[in-house]
Amino acid sequence: MFNDPAPLLLDGRLTEAAAAFTTLNPATGQVLGHAADGTAADMDAAVAAARRAFDETGWSTDVAFRARCLRQLRDALRRHADELRELTIAEAGAPRFLTFGAHLDAPVADLGWFADLAESYAWTTDLGRAEPMGMPSDRRIVREPVGVVGAITPWNFPHQINLAKVGPALAAGNTVVLKPAPDTPWCAAALGVLAARETDLPPGVLNVVTSSDHGLGAQLAQDPRVDLVSFTGSTATGRKVMQAAARDLKRVFLELGGKSAFIVLDDADLRAACSYAAFAGVTHAGQGCAITTRILVPRERYDEAVRILAKTLGKLGPGDPQDDSTICGPVISARQRDRIEGYLKLALEEGGSFAVGGGRPKDRDKGFWIEPTLITGLDPRSRTAREEIFGPVLVVLPHDGDDDAVRIANDSPYGLSGAVHGSPERARAVAARLRTGTVSVNGGVWYGADVPFGGYKQSGIGREMGVAGFEEYLETKAIAEGVT
Ligand code: NAD
């Protein structure tokens, strides 16, 4: 798809940067290859191109053309799906089975949903005639793109997050500068290469700037020519993005961290619920912001729940992400592995113990790995039980009934997601009380192009996906015509 090093996409041209940086395979720790190491000057050129394409071309007003380009991009990604699948497994450590869903195929298909939405969307709403202050006026509301979007993304689900920003932002008529995480530059570069080679996207409409330098994200968030920053990443970085954007009062859209609760009620099938919680908790080595990592179980069945969780986790790997049966692959980097190990140490200091796991697997001396781990005996207010670990590490806590479970679940600075298992009526009632942007009840799957995703509290501002996600990228203009 591209030669090593992977290029930048600047103003419609695939461009080699002056320098390149390495991208690693987290399963082996080996160098996969190189990507263009974009500089501040490259970012400056990307923003200038996006500004010009928005201000000086018909992109922002030609809905039919935009829908066509998005479908071309979807079809190009599909044509190269086999290559992209291998690249995603190698670069992100994505378990192969997930590339048939949220790691690749699903977000690619979602581009078509956004193209359809752009075509069917009510861009203009007629409010009819009114006589405010006795002055007859015909009023209408027009929705317009915001302008230049700076999209800053993390490494954990690179295609899903890149496309969940690029798709709706372009469908809405914006132009985009995409700045991916330094750990997964190839996934983003592939998008740029296919956009340039296999679509009619005009120069400047989509720019991709890979870099080893996080400072380029800060530069993008600060640039006065950018109208909206769409950021996914940690809450700490999200705070910095908001501060940087504050100077020009540009709009921000933030998808941040989480420490979501999986609540098992006392009338749930404990075995089924705990087995599912274990599976969901360590999928992709727990590197998903909405993964439920606090398992709340009835106090009187705590020991039984621990046994089921530990037994299931013990069978879940970790394994080679290339294998069809792998659920839990490697963690993304040595830095991330060390961060997780820091939390494992903290868990012991806070009085916890490991029912299973607790460190690196003995049989893997290359790459970056952590065993699926279950921590018992922690206070719900301990740091390990409250802070995002972003690894295959679950904390199991006892609750004393539905009210107590809701209290513990909501006693968090985060509010991204949650899950409840129990009899439908009670599970629904508990779900209604959770202060989170998404909730799964009895195994329901909320992920989909038409479902808005995002967080309450410090898990973010705004929604991605769905009509709400599309409208994040729109301005609202009210027009009133005087009637003579
Ligand atoms: P991160 O915050 O370190 O980095 C995310 C992106 O921000 C990267 O592209 C990085 O280069 C860039 N960046 C770093 N410093 C910046 C700055 N000062 N200004 C602007 N951009 C900057 O996050 P990460 O380690 O790549 O990803 C893991 C985190 O992302 C976890 O906390 C996880 O919960 C969160 N996440 C959230 C969601 C969600 O939708 N809520 C989805 C995936 C990941």
Given the range 260-448, what percent of its DSSP beta bridges are antiparallel, to the nearest 5? 15 percent
Pairwise label distance in nanometres, VAL483 with THR124, each label 7 Å out on the Cα-Cβ vector: 1.7 nm
Can you tell me what percent of all Cα-Cα pairs in the range 102-142 are more than 17 Å apart? 57 percent
Along the three principal axes, how long is the range 44-150 when you take its alpha carbons, biggest first, rounded to the nearest angstrom? 67, 32, 22
At R0 = 51 Å the Cβ-Cβ FRET efficiency linking SER423 and THR476, nearest 0.05, sits at 0.75
When all C-alpha to C-alpha distances in the chain are sorted into bins of 10 Å, what percent of pairs does each bin hold, rounded to whole numbers? 4, 20, 29, 24, 15, 6, 2, 0, 0
Could you give the Stokes-Einstein D for the range 260-448 in µm² per second, using the C-alpha Kirkwood radius, 10 °C, 1.306 mPa s? 97 µm²/s
Of LYS179/LYS259; LYS311/LYS362; LYS259/LYS457, those spanning more than 20 Å from alpha-carbon to alpha-carbon: LYS179/LYS259
Over the chain, relative contact order from alpha-carbon pairs under 8 Å, at least 6 apart, %: 18 percent
Tail fraction, Cα-Cα pairs, the range 343-484, threshold 27 Å, whole percent: 41 percent
Ellipticity estimate at 222 nm from DSSP helix runs (n ≥ 4, -39,500 (n - 2.57)) divided over the chain, nearest 500: -11500 deg cm²/dmol
I'd like to compare 258-266, 238-246: which one has the highest average count of other Cβ atoms within 10 Å, and what's the full order after that? 258-266, 238-246
What is the packing order of peptides 445-458, 188-201, 66-79, taking the mean over residues of other C-beta atoms within 10 Å and listing the highest first? 188-201, 66-79, 445-458
Please compute, over every Cα-Cα pair in the range 270-314, the percentage with a separation greater than 15 angstrom. 38 percent
Sequence gap at least 6, Cα distance under 8 Å: using those rules, report the relative contact order of the range 195-285 to the nearest whole percent. 20 percent
Cubic angstrom per residue, convex hull over Cα atoms of the range 302-373: 89 Å³
In whole angstrom, how far apart do the alpha carbon centroids of the range 327-359 and the range 198-264 sit? 28 Å
Burial order of peptide ranges 202-213, 16-27 (average beta-carbon count within 10 Å, highest first): 202-213, 16-27
Considering the zone a paramagnetic label at ARG271 would reach in this model (a point 7 Å from Cα along the Cα-to-Cβ line), which residues of the range 287-330 have amide N under 14 Å from it? 304-305, 307-309, 311-312
Within the under-14-Å Cβ sphere about LEU434, not counting LEU434, Lys/Arg +1 and Asp/Glu -1 give a net charge of +4
Convex hull volume per residue in cubic angstrom - Cα atoms of the range 1-73: 122 Å³
Answer check: the range 181-288, Cα atoms, Kirkwood Rh, Rg/Rh ratio of 1.13
For the range 131-244, what is the convex hull (Cα atoms) projected area averaged across all directions, in square nanometres? 9.8 nm²
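Laboratory data are not the source of any read-out in this text; all were calculated from the coordinates shown. Here the structure is a predicted model, which is why all the values come from computation and not from measurement. Here the Cβ is made from the backbone with ideal geometry for all residues, glycine too, and neighbour counts use every protein chain on show.
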